[in-house]
Amino acid sequence: MKLSKIIAAGICIAAIAVLPTAYAVDFDTEKAMESVFILHDDNVMGSAFAIGENVIITNAHVVDDLSEYRLLTNQSEERHRAFLIGKDNDIDIAVLGVEDMTFTPLPTADHNDMKPGDDVYALGSPKGSYFIVTKGVLSSKQQSIGGCDYIQSDAFIHGGSSGGPLVNGEGKVIGVNTFRATSTESVAFSLPIKKAVEFVNSLGLKTDENGNVIGRVDKSMEIATQPETSLPPESEESEHVVARPVITVEQIALTGVIIAVVAIIADVIVILALRRTNERLRLLMAQQRAKNTADTPDKKEE
């Protein structure tokens, strides 16, 4: 057998041996999913993940849309109540605690240590799906949008994926999945986890070298949230909580009456203005006819 054929055969054998691992995930996705949760009420659903023994993080816009915070795990159908520790709408991050559970927090990593083209994975529950992993690549390490820097990737993020983790090939969190481009489903943006950890620290929670919260939290750290169906809020509003105005039926009715009155007044003004304009036109036309009559010479009799 010629040497060239031997080399070619060797390359083919090597390629076949490498193929099964070339596309393999380098971390235990099922284990990672034990630290990812669905945060929901009766109408809205988002994702969240553990960053401490009983501390989870998600997007601020997820908790803003919820009337109460119910946590669903990937291991059981049991629902657990969470409480809000703090949130920042400017960077779209929220931190919650769950008293009656203990999690294995996901370690974090700096996305700046990666390069464009590296594999990334979005973990969460997109609309219509239940705890899934989607694979993509890191497109850009820094995209400035609205004064905030985001990680850009093409990992699938849709609906309920908001608040879930974006992890690297080792299963370490590099970002919090936040939103996708409205024009396409293949461009997604995630808040760098380092920015989220900075906010966690600003709440008085200490973190270790993995970016995980040290120790446990309890409800003494809870801040006021939207009223729950069964329990009233126990504390005053925090500076991180955005108060939502409540519009009543009476206010809507009064607004409608005011709009109707303004419309009627406007119609009357327009009608009066048109009448005045017509009267002036008739007067001018009468004056013009009188002038034309005065300027016409009388005919002499023959």
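The values are calculated or read from the model by the stated rules, or taken from the named source; none is laboratory data. Given the structure is predicted, the values throughout are model-derived calculations rather than measurements. Cβ coordinates were reconstructed from backbone atoms using ideal geometry, including for glycine residues, and neighbour counts include every protein chain displayed.
Checking Thr108, Thr102 one by one, the residue that is at pLDDT 90 or above and touching a strand residue (DSSP E or B) at 6+ places or on another chain (Cβ under 8 Å) is Thr108 and no other. Just give me the residues in segment 121-155 being small (Gly, Ala, Ser) and either more than 17 Å from Ala181 (Cα to Cα) or not in a loop (DSSP other than H, G, I, E, B) (or both), in sequence order. If the condition is that a residue be small (Gly, Ala, Ser) and either more than 17 Å from Ala181 (Cα to Cα) or not in a loop (DSSP other than H, G, I, E, B) (or both), then Ala122, Gly124, Ser125, Gly128, Ser129, Gly136, Ser139, Ser140, Ser144, Ser153 are the ones that fit. Every condition in (1) buried (at least 16 other Cβ atoms within 10 Å of the Cβ); (2) modelled with pLDDT of 90 or more holds for Thr73 except the one numbered (2).
Taken together, Ile145, Ile151 contain a single residue that is exposed (fewer than 15 other Cβ atoms within 10 Å of the Cβ), under 22 Å from Asp92 (Cβ atoms) and among the aliphatic types (A, V, I, L, M), which is Ile145.
May I ask you to verify whether Ala50 is under 11 Å from Gly163 (Cβ atoms), small (Gly, Ala, Ser) and in contact (Cβ under 8 Å) with a residue 12 or more places away in the chain? Taking the combined requirement at face value, the residue does not satisfy it.
Taking the listed residues Thr255, Thr225, Thr277, Thr229, the one that is touching a strand residue (DSSP E or B) at 6+ places or on another chain (Cβ under 6 Å) and either at pLDDT below 70 or part of a helix (DSSP H, G or I) (or both) is Thr225, with no other qualifying. The single condition from (1) closer than 23 Å to Ala32 by Cα; (2) modelled with pLDDT of 95 or more that Ile85 fails is (1). When we screen Val167, Val137, Val200, Val213 for residues that are in the same structural domain as Glu99 (by TED's automatic domain parsing), touching a Phe, Trp or Tyr at 6+ places or on another chain (Cβ under 8 Å), modelled with pLDDT of 90 or more and among the aliphatic types (A, V, I, L, M), the only hit is Val167. In the condition set (1) within 21 Å of Asp113 (Cα to Cα); (2) touching a strand residue (DSSP E or B) at 6+ places or on another chain (Cβ under 8 Å), Glu170 is compliant with all but (2). If the condition is being under 25 Å from Glu68 (Cα atoms) and without any contact (Cβ under 8 Å) to a residue 40 or more places away in the chain, then segment 26-46 contributes Phe37, His40, Asp41, Asp42, Asn43, Val44. Within segment 111-167, the set of residues being of a type in the set (D, E, K, R) and within 19 Å of Val63 (Cα to Cα) comprises just one member, Lys127.
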